[in-house]
Amino acid sequence: MIEFQQVSKIYAGEVYALRDVSFTIGDGELVFLAGPSGAGKSTLLKMIAGMEKPSTGAVMMNGQDISKLKSGSLPYLRRKLGLILQGQGLLLDRDVLSNVMLPMIVVGESTADAQTRASAALERLNMLDKAHSSPLALSGGEQQRVMIARAIVNRPQIILADEPTAYLDRENAMIVIEALRAFQRSGVTCIISSHDEQFLDQANRVIYLNKGEVTDAWTSAAAA
Ligand code: ADP
Ligand code: ADP
């Protein structure tokens, strides 16, 4: 369970990126963070990943305040997370398979295990036939699917995806959302930011942000 308790984030220059934000996300939910550009969505996702700290308030994960974690404990938090964040694109100097293996190599898994799991992850996203392609040879939608494979290869409990459908046409955006939904159905919590409202009916929970404030939030039993 993830709980924001009256979280505010003030960046230098008195910019309120988040203002008194509170909500709870249950295990296994598919959550959309909606709202225009600049609303605070990326800041909120980075807080769950321990990459930004609240100025005030608490970010609880399974009863622990992650904003109080020492930097030495962050790797343990990160292992529970699959991240699809802005500015963390695929590495262009290696093929698709090596990109997907990387999170496993980083945590010290063997090359053989990484290869097996990365291939399985690519297969799940219907991208195994591109395993030895350069990321440069892929379409935007294909790159996004490889980034999902890379995010799930360590079997995370939670996937954080920042605007994963940005720059995609409707068909490719649909494929990406369906892929994330498939992981959610197998028990993974998915938190997805989007300024595009076309997929909101897929969610269990939608949290609307505007200028750092939660302006609306709803839950749906139907999508569960
Ligand atoms: P969104 O993801 O909804 O577009 P962000 O979380 O990126 O929103 O940004 C929220 C607000 O915080 C914006 O006004 C943005 O300019 C500001 N902001 C984001 N990151 C920083 C930063 N590192 N330093 C200063 N201001 C920032
Ligand atoms: P396998 O279990 O043989 O690895 P799967 O097709 O079940 O094959 O899964 C493919 C890959 O997707 C897995 O290696 C794993 O990295 C990832 N994966 C599968 N299921 C989950 C899940 N529920 N949560 C997180 N990651 C998963």
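Those residues that are of a type in the set (Ser, Thr, Tyr) and touching a Lys or Arg at 6+ places or on another chain (Cβ under 7 Å), I need them from segment 52-69; list them, please. Break it down into steps so the answer makes sense when it comes.
Keep residues of segment 52-69 that are of a type in the set (Ser, Thr, Tyr), which gives 55-56, 67.
Within segment 52-69, SER55, SER67 qualify.
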Of the residues that make up segment 14-22, is at least one in a strand (DSSP E or B) and within 23 Å of TYR76 (Cα to Cα)?
no
*Is it the case that ARG145 is among the basic types (Lys, Arg), surrounded by fewer than 21 Cβ atoms within 10 Å (Cβ to Cβ) and more than 10 Å from ligand 2 (Cβ to nearest atom)?*
no
Considering segment 87-126, residues that are β-branched (Val, Ile, Thr) and closer than 24 Å to ILE177 by Cβ, and then whichever is surrounded by the most Cβ atoms within 10 Å (Cβ to Cβ), we arrive at VAL100
Residue pairs within 8 Å by beta carbon, gap of at least six or interchain, first lying in segment 27-46 and among the aromatic types (Phe, Trp, Tyr), second in a helix (DSSP H, G or I) and away from ligand 2 (no atom under 16 Å from the Cβ), listed first then second, are PHE32/PHE199; PHE32/LEU200; PHE32/GLN202
Only one of LEU138, LEU180 is within 18 Å of LEU91 (Cβ to Cβ), more than 16 Å from ligand 1 (Cβ to nearest atom) and buried (at least 17 other Cβ atoms within 10 Å of the Cβ), namely LEU138
Query raised in the report: On the given criteria, is GLY28 within 16 Å of ligand 2 (Cβ to nearest atom) and closer than 21 Å to PRO164 by Cβ?
Result: yes
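Bear in mind these aren't lab numbers, they're just calculated from the coordinates by the rules spelled out. Fair warning: this is a prediction, and the values are worked out from it, not measured in the lab. When we count neighbours, we look across all protein chains shown, and the Cβ atoms used for this are built from the backbone with ideal geometry, even at glycine.
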